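Okay, so here's the structure we're looking at.
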Amino acid sequence: MKKLIPLAFALATAPAIADIHIDNAYVRATPPGAPNTAAFMTIKNTENESVKLISATSDIARSTELHTALKQDGVMKMRKVDDMSIPANGELELKPGSYHVMFIGLNQPVKEDETVMLMLNFSDGSKKHLEVPVKKPMPGMQMSHSHSDMSKHKPMKAKEHGH
Ligand SMILES: [Cu+2]
């Protein structure tokens, strides 16, 4: 019990506003008629205390939720979570097959090269207002790493110099 007192005191007197950075954020483009999509990003916390992402809001969909995905009996399933914890001096990667921000009930298709406004709310009271670019999902991205390796080595020889 004794250890809890100094911590509570510290929190009450000096609320730490975590230093949070968002990298590589994107929203997955949808085909026409798709009801849902998701946003992915890396959330970096450079403070000495962990911080939680507690909610997200946007106006592109009926609701914006925090989700994770896990494999159950060989099937990928999504589940709503109350929050996502970003460790002290660490990062949390939101990526396909793992944590993501879910947009449910899209008001309109989300097209490549558009920008989605997204607000992230953190447990320390801070907010991040993001303008997230929309990108097409890379084919085979989740299937195999060898595909993405190959894309780095585009066959330059395929185009011959005519003269
Ligand atoms: Cu989801």
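Every number here is computed from the coordinates shown, using simple stated rules; none is lab data. Note that the structure is a prediction, hence the values are computed from the model and not measured. Ideal geometry is used to build each Cβ from the backbone, glycine not excepted, and the neighbour counts take in all protein chains shown.
Place a +1 charge on the Cβ of each Lys and Arg in the range 15-130 and a -1 charge on the Cβ of each Asp and Glu, then give the dipole magnitude about the Cα centre in debye, rounded to the nearest 20. Working shown, then result.
On the way: 12 positive and 15 negative charges, 85 e Å.
Dipole about the Cα centre, nearest 20: 400 debye.
Using only Cα positions of the range 15-130, each an equal point scatterer, no hydration layer, compute I(q)/I(0) via Debye at q = 0.14, 0.24 Å⁻¹ and quote the log10 values to two decimals.
One equal scatterer on each Cα of the range 15-130 leads to -0.57, -1.41.
Say the dipole of the range 15-130 comes from +1 at the beta carbon of Lys and Arg and -1 at that of Asp and Glu; which of Ala34, Leu94, Val51 then lies farthest toward its positive end?
Ala34
Using modelled backbone amide H atoms (1.01 Å from N, in-plane), which distant-in-sequence or interchain residues come within less than 5 Å of Ser55's amide H?
Here the answer is Asn121, since their amide H atoms fall under 5 Å of that of Ser55.
So for the range 15-130, averaging the separation of alpha carbon pairs under 8 Å that are six or more residues apart and normalising by length, what relative contact order in percent results? It would help to have the intermediate numbers written out before the result.
Details: 280 pairs, mean separation 39.8, N = 116.
Computed over the range 15-130, the figure is 34 percent.
Taking a ≥ b ≥ c as the square roots of the eigenvalues of the Cα gyration tensor of the range 57-118, is the shape rounded (a/c under 1.5), prolate (a/b larger than b/c) or oblate?
Numbers: a/c = 1.93, a/b = 1.32, b/c = 1.46.
The shape class here is oblate.
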